[in-house]
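K.L.:
Got a structure for you, written out below as C-alpha cells; questions coming shortly.
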C-alpha cells in the first residue's frame, strides 16, 4: 500500500464518514493522499533542520552588507582636501608649475585637472587630497605654496564642512 502502508492505517481508527479504498475502486480520485503537506503532521527533521541554517546565512549576509555600508560611510566622512586659489590673471601655465612643485609632499595628492585648462577653469581647480596627511604634511604644503606670489590663498576643508 502506498504512502505509509498497513502500519500507518493501524495507528488511526477508521472514520465511518471517510470512504475506504476497496478492491476495484480508485483510492482517491484527485491523486494520492501523500501528494501535498498534510495539516497537523509535523515537518520532517531534515527539512526543519535547514531553516535555522538558512536564517543564519541570511543574517550573516545582512551583517556583511551593513558593515560594508558603514565602511563606505566612514571613508566618506574621512575625506579632507586643500583648495588653492590664485590671483586674478594668473596664467594656467603658472598654476601647473605650482601644482608640480608642491606634489612631492607625503600624503598630499593633487587631484585631476579639468579637461579645458583655461585660466577661468583653473582658478579654483588646484585641489590636493589630504585624507591621510598629518599636521606636518599640511604645514609643508602651506610653505611650498607660499613661495609662489601668484597664490592668493589656501583653504582646508573636510567632508564635515560639506552640506
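K.L.:
Sorted from fewest to most neighbouring beta carbons within 10 Å, what does the list 115, 109 look like?
P.N.:
115, 109
K.L.:
Percent of Cα-Cα pairs per 5 Å bin, from 0 to the last occupied bin, for segment 78-158, please list those.
P.N.:
Reading the bins upward from 0: 3, 16, 31, 26, 16, 7, 1.
K.L.:
When 150, 103 are ordered from fewest to most other Cβ atoms inside 10 Å of their Cβ, what list results?
P.N.:
Going from least to most buried by this count: 103, 150.
K.L.:
Which distance in nm do the two modelled labels at residue 134 and residue 116 give, with both placed 7 Å along the Cα-to-Cβ direction?
P.N.:
4.3
K.L.:
Kindly put 116, 97 in sequence by how many other C-beta atoms sit within 10 Å of each C-beta, fewest to most.
P.N.:
If I rank by nearby Cβ atoms, fewest first, I get 116, 97.
All of the numbers you see were taken from the coordinates with simple rules; none came from a lab. None of these values were measured; they are calculated from a predicted model. Counting neighbours? That spans all protein chains shown, and the Cβs are built from the backbone with ideal geometry, glycine included.
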